[in-house]
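Okay, so here's the structure we're looking at.
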Amino acid sequence: MVYTFAFGEDIYIESTGMGDSFFSGVPIIFPIFFFLVIGIIVFAVIGGIGNQVKTNSLLKDMQQFASDLADHPSDEAANRLADYLRDVTSFPVYRTQMEPFRVALGSYQLVMDSSHVSDETKERVDRQYKRLGILDGEKFADEPAPRRSSSAHHHHHNDHHNHHM
């Protein structure tokens, strides 16, 4: 049998008999909070795995384009790269996994340096790289954690400023 009673603003669930639950006699907000935290953790893990799979797939595709461009730099290979990038919605740049980014930059160099690729195709590839922010990614990927360097700078600057006042 289950009894529910209120004490102040908390609602308690009390059960008797064989079916005592792990949460019996506990304010109802605790089990809700417990399951919410577990749900968030599971969601984060699944999201992380999904991002890793996406990044690995992107790396594999970019390696194929780089290989094609290195072996046979051509207008056709550069156009395939531009077509592929047109369908990519975002290009992740993670400090922990820089390989897709490095391969993408290498492919870009191969296209731009090739005399076998027309200027029109080079512009197409360049537009896709700029749209995805790949050319800007290097400065974000290699810069140190912004909070540490800027706060140390500001404290030093403020101390220096206060000494002159």
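All of the numbers you see were taken from the coordinates with simple rules; none came from a lab. None of these values were measured; they are calculated from a predicted model. Cβ coordinates were reconstructed from backbone atoms using ideal geometry, including for glycine residues, and neighbour counts include every protein chain displayed.
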* Asked: According to a simple spin-label model (label point 7 Å from Cα along Cα-to-Cβ), what is the distance in nm between residue 36 and residue 53?
  -> 2.9
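Using the C-alpha atoms of region 46-108, what convex hull volume per residue, in cubic angstrom, is computed?
Working: hull volume 4.5 nm³, N = 63.
Dividing the Cα hull volume of region 46-108 by its residue count gives 72 Å³.
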